[in-house]
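Worksheet: one structure, shown below.
Each value in this text was obtained by applying a stated rule to the coordinates, not by laboratory testing. Predicted model, so just to flag it, every value in this text is computed and none were measured. Neighbour counts are summed over all protein chains in view; Cβ atoms, including those assigned to glycine, are modelled from backbone coordinates with ideal geometry.
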Amino acid sequence: MNALFTIMKHELLLTLFLFVIFFFKLGKGMRNETMLSIVQVLLLVNFIAGFFFNTTGILFDGMYVSSDVTILEKNILNLGIYLISLVCSRWLNQSHHLPEFFVLMLAAQMGLFFMISSGNLLMFFLALELATIPVAAMANYDLEHKQSSEGAVKYILSSAFSSGILLFGISLIYGSTGTIRFELFATIGQVSTLQILAFIFLFAAFAFKLSIVPFHLWTADVYEGSPVATTSYLSIISKGATAFVFMTVLYKVFAPLMFVWNILIIILAIATMVIGNIFALRQNNIRRFLAFSSIAQVGFILVALVGANTDSVASIIYFVLVYLVSNLGAFGVASIIQSATNKDTIEDYKGMYQNNPFLSWVMALALFSLAGIPPVAGFFGKLFLIRAGASSAQYWFIIIAAINMMVALYYYLRVVRAIFMDKNSTPLQPIALTNTEKLGLIICSIGILITGLFSPIYDYIAKVVQQF
Amino acid sequence: MNVLLLLAIPLITVLAVLIARNKQQVRWVSFIGAAVQLELALAFLFMFRNMRSGGNMSSILFEKNYPLFPSLGINMHIGVDGIAIAMILLTSLVVIAGVLVSWNVEKMTKEFYLLLNLLSLGAYGFFISLDLFVLFFFLELAVIPKYLLIGIWGSGRKEYSANKLALMLMGGSALVLVGLLGLYFTAGNTFDLVAIAKTSISPATQKIIFPLLFIGFGVFTALFPFHTWVPDGHSSAPTAGSMFLAGISMKLGGYGALRVATYLLPEGAKQYADIIIVLSAIGILYGAFATMMQKDLKYINAYSSISHCGFVLLGIGMLTKTAIAGAVLQMVSHGLMTALFFAIIGMIYDRTHTRTVSEMGGLMKSMPFITTVLFIVGLCSLGLPGLSGFVAEMMVFVGSWERTGLFHRIATIAACMSIVVTAVYILRAIGSVAMGPVKNSVHGTLSDAGWQEKLAAIILIIGILAIGLAPNWLVDIVKPGVDVIITKLGTVVY
């Protein structure tokens, strides 16, 4: 009994806090600000508690697996939702259904955690559904805007379709191998064509969730329509978790099929980086812009996936952490500006430095980190990814990745230029930041600045990954 | 004494600038920081000389190794040899001159000095690092400060120039990155320069990696045909920005091409030497002829920088001891000279509000100090003996003449001819600006240099004269470093 509580500690904590929020909601009518402060405290406790009393083990006859790597990954994602609750506080305070938002988010987070810890295909599918459906409701949270509903409907329809394909793939795998347990796949001797076909279907489901080209078409519309908190959750936490699971599935479960997915990932990585960059160049809406830039970032994660050794794993986990703080900084600033002034195009950001220096610097830091410029953490993240990918010795592939870094710099610099250099007769008025927003942005900035230069963080990740 | 002090002092200056409360404080804090950096550089220079004359013949001095990411083979391996010491001295001189020349910047002064100090941090870090990852880190560190400096405080088409500069330099860095990764994996998963120098890399691999590294670094040093960012970038930048860009940033490429590309990949260097010579000779001549067509003083200096930096690459391409030593000297000399030239142009522009040569004349009457310095820098540019330009260019030519093949002789002669062209455009431009009738009556009533500008100019002139009149102190420091590279190169067919 004890083992159940400590091995599944992260999920159980999330369930506990989910119910606590429910009970607070059912009690006397609380003001949004109070509710939000309580939720922030709960999420902070959740994050800190994730580091203590952890046990590794297997539950439910192999359905649920907990190892040091999964614990590390879950802690990183917990940090993410805590930061979202901080930086998006302005929008959250204005929302009519605040507790429900967090109930949905914690439920989706639970789904992601079960996905990371899944030990067989059934658990994986269940967790994937749990991670997807609440997010569709979260995407619709801007109830006054039709765009929000449009985004939500697009998301739920596309994910339902991809789940259907995934189920078909799962059934084919079960039919051809006779098992749904992950650890038994790696011992398949001969790989039949049916299994390759089933793998492609599974791959398609992952590619949908990760917005890999050509499965990315839902991304821009859903990100633009959803409120910024949901967009942050989708683009950062959901993608990060899916990247973790993708890594585990490819390296451990489908290792015999490496000859299939290696070349597949190289091609898709190039396509993703190039298409993501090309489309980001032309965006004016800041959320669509960040959406396409996140597609390009996922392309970089794919570059590291090609390496297929523990270095790749360490660099991907490290990059997701860096990507988390950088993107949350950028989305945080976008969310604050959107909630305060209802402006979200790059044109509106021109001349922002005059009245909002703190927001401008946080945005600039976040964009530099996303572009991969020293001394911020994004440089180290991207460089370690490319290094892991280069170990496969395909130099032309690395040259394409490096050139894409250069193209990406161009569109990130566009926003920096608008903020710092362009003149605007009507720049954004000074926005007074609340303490929670400042705290969230400062945590993001500190994360961006020190995660790279403070090398013990990467060393810790590398050490944990040795047991992968 | 730890070479890390060279990184610590700019960092402390950055923090001090952040907490300074008004513009005067910002300026004086930066000045004190730059002065401490200069003093540090001189201290290291003297300690280096003493250690050498005391018999310490190891190729790298002040070497320290701190682990950074041991699982990846990245360490903070720092140390200096003669070439690095020369470049550090150059950096400190240009930085203090840049701080002084920017004394009157009013717009966002704090951010300006912050970015300037970040640039100098990047330069120092680049020169002291012996680990390729750390080297690349410091190389890239300078991109954003350059972009912001040009884009916010620049003039003319500043956003366009800033964009072009940032993207082309990033493209060069991308090539360097791929080359560095190639070195990393062929040399057994280490980024350490000293360790890689000891492993032998197959000529076939060198043939692939060397062009990536050389072209990547060459973009920084205006290797033809990747020089297109130079004219707009230098001319749109604010004065201190141009001084730094032309004086130091272009030398990052030359140092990288020498230390990383040529030293680590000698077979590759020998294979591509002829192409390097052709490209640099074209760059020298093209830069010189293009300068003759320019009407804007800053564009004149920018194109002449392309021409002079061509000498650096030509010296490296010739692969003889004197030529490479000449290349290093040219880096130092040109750095000082072009920084001074941009400083003077900035001073003139602040007063006359024009950079077009035809609109100015007879400035000697109202600005005697500035025009005298203008003459000195112009004469240095065309290689007058007694000033540093002569020494550097002479060494490059003598070293190039040691290669007796017909191809090398032709290249050397072609490069020599550029001196004549340089003389034409320098004397024409400076002569018509300083002497002759006063074209605009307002110019007759302008003020001469203030104390900060005089101090900046004098510091740089002292550097130029020190190298020009008695170059052996610098050559003696640089030569052992060059010897190490020559030994690695092995025999070169003369």
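Where helices (runs of 4 or more DSSP H) sit wholly within segment B:66-154, those with at least 3 residues that are surrounded by fewer than 24 Cβ atoms within 10 Å (Cβ to Cβ) and within 11 Å of another protein chain (Cβ to nearest Cβ) occupy B:109-128, B:132-141, B:143-153.
In the set (1) more than 9 Å from chain A (Cβ to nearest Cβ); (2) surrounded by 21 or more Cβ atoms within 10 Å (Cβ to Cβ), the condition left unmet by B:Tyr160 is number (2).
Of all residue pairs spaced 6 or more apart or on separate chains, none has beta-carbon atoms under 7 Å together with a first member in segment B:260-283 that is within 16 Å of B:Pro203 (Cβ to Cβ) and a second member that is of a type in the set (D, E, K, R) and surrounded by 24 or more Cβ atoms within 10 Å (Cβ to Cβ). Looking at B:Leu6, is it in a helix (DSSP H, G or I) and under 20 Å from B:Leu139 (Cβ atoms)? Yes; evaluated as a whole, the condition is true for this residue. If you go through segment A:227-248 and keep only what is among the aliphatic types (A, V, I, L, M) and either within 13 Å of the chain's Cα centre (by Cα) or farther than 22 Å from A:Leu104 by Cα (or both), you end up with A:Ala229, A:Leu234, A:Ile236, A:Ile237, A:Ala241, A:Ala243, A:Val245, A:Met247.
A single member of B:Thr412, B:Thr422, B:Thr404, B:Thr445 is within 21 Å of the chain's Cα centre (by Cα) and either of a type in the set (Phe, Trp, Tyr) or over 30 Å from B:Val194 (Cβ atoms) (or both), and it is B:Thr422. Per the listing A:Ile386, A:Ile403, A:Ile399, the residue uniquely part of a helix (DSSP H, G or I), facing chain B (nearest Cβ under 10 Å) and touching a Phe, Trp or Tyr at 6+ places or on another chain (Cβ under 9 Å) is A:Ile386.
Please specify each residue of segment B:282-297 satisfying the condition of being part of a helix (DSSP H, G or I) and surrounded by fewer than 24 Cβ atoms within 10 Å (Cβ to Cβ). Step through it out loud before you land on a result.
Keep residues of segment B:282-297 that are part of a helix (DSSP H, G or I), which gives B:282-292, B:297.
Across segment B:282-297, the qualifying residues are B:Ile282, B:Leu285, B:Tyr286, B:Phe289, B:Ala290, B:Met292.
Residues in segment A:211-226 that are of a type outside the set (Phe, Trp, Tyr), buried (at least 24 other Cβ atoms within 10 Å of the Cβ) and either under 16 Å from the mean Cα position of the chain (by Cα) or at positive phi (or both): A:Ser211, A:Ile212, A:Thr219, A:Val222, A:Ser226.
Of everything in segment A:434-466 that's part of a helix (DSSP H, G or I) and of a type in the set (Gly, Ala, Ser), which residue is nearest to A:Ser315 (Cα to Cα)?
Here is the first cut: in segment A:434-466, the residues part of a helix (DSSP H, G or I) are A:435-453, A:456-465.
When the remaining residues are screened for being of a type in the set (Gly, Ala, Ser), the result is A:440, A:445, A:447, A:452, A:462.
Values: A:Gly440: 25, A:Ser445: 21, A:Gly447: 17, A:Gly452: 12, A:Ala462: 8 Å.
The residue in question is A:Ala462.
Considering each residue of segment A:349-372 in turn, at least one proves to be among the charged types (D, E, K, R) and more than 11 Å from chain B (Cβ to nearest Cβ). Within segment A:434-454, can one find any residue that is within 13 Å of chain B (Cβ to nearest Cβ) and without any contact (Cβ under 8 Å) to a residue 60 or more places away in the chain? Within segment A:434-454 (the criterion being within 13 Å of chain B (Cβ to nearest Cβ) and without any contact (Cβ under 8 Å) to a residue 60 or more places away in the chain), the answer is yes, since at least one residue qualifies. In this entry, A:Ala330 passes the filter for residues that are at negative phi, in contact with a helix residue (DSSP H, G or I) (Cβ under 6 Å, 6 or more places away or on another chain) and assigned to a helix (DSSP H, G or I).
Looking for something buried (at least 23 other Cβ atoms within 10 Å of the Cβ) and more than 30 Å from A:Ser339 (Cα to Cα) - is there at least one such residue anywhere in segment A:176-199? Full working, then the answer.
Of all residues in segment A:176-199, those buried (at least 23 other Cβ atoms within 10 Å of the Cβ) come to A:199.
Cutting the leftovers down to more than 30 Å from A:Ser339 (Cα to Cα) gives us A:199.
Yes, because at least one residue in segment A:176-199 is buried (at least 23 other Cβ atoms within 10 Å of the Cβ) and more than 30 Å from A:Ser339 (Cα to Cα).
Set side by side, the residues B:Ala204, B:Ala195, B:Ala240, B:Ala222 differ, and just one is within 24 Å of the chain's Cα centre (by Cα), part of a helix (DSSP H, G or I) and of a type in the set (A, V, I, L, M, F, W, C), which is B:Ala240. A:Lys25 - would you say it is surrounded by fewer than 21 Cβ atoms within 10 Å (Cβ to Cβ) and in a helix (DSSP H, G or I)? Here the answer is yes, as A:Lys25 does meet what is asked.
Residues of segment A:301-316 that are within 13 Å of chain B (Cβ to nearest Cβ) and either surrounded by 24 or more Cβ atoms within 10 Å (Cβ to Cβ) or part of a helix (DSSP H, G or I) (or both): A:Val303, A:Ala304, A:Thr310, A:Asp311, A:Ser312, A:Val313, A:Ala314, A:Ser315. B:Glu453 passes every criterion in (1) buried (at least 19 other Cβ atoms within 10 Å of the Cβ); (2) in contact with a Gly (Cβ under 8 Å, 6 or more places away or on another chain) apart from (2).
Filtered by the rule that a residue be assigned to a helix (DSSP H, G or I) and loosely packed, with under 15 Cβ neighbours inside 10 Å, segment B:13-29 gives B:Leu15, B:Leu18, B:Ile19, B:Gln24, B:Trp28.
Considering the conditions (1) crowded, with 23+ Cβ neighbours inside 10 Å; (2) outside any helix (DSSP H, G or I); (3) at the interface with chain B (Cβ under 9 Å from one of its Cβ atoms), A:Asp422 is excluded by exactly one of them, (1). Residue check: is A:Phe397 out of contact with any Asp or Glu (no Cβ under 7 Å at 6 or more places or on another chain) and either within 21 Å of B:Ala166 (Cα to Cα) or polar (S, T, N, Q) (or both)? No, not satisfied.
What are the residues in segment A:86-108 that are buried (at least 24 other Cβ atoms within 10 Å of the Cβ) and under 21 Å from A:Ile337 (Cβ atoms), if any?
Taking segment A:86-108 and keeping what is buried (at least 24 other Cβ atoms within 10 Å of the Cβ), we get A:86-89, A:92, A:101-102, A:105-106, A:108.
Of everything in segment A:86-108, those that are buried (at least 24 other Cβ atoms within 10 Å of the Cβ) and under 21 Å from A:Ile337 (Cβ atoms) turn out to be A:Leu86, A:Val87, A:Cys88, A:Ser89, A:Leu92, A:Phe101.
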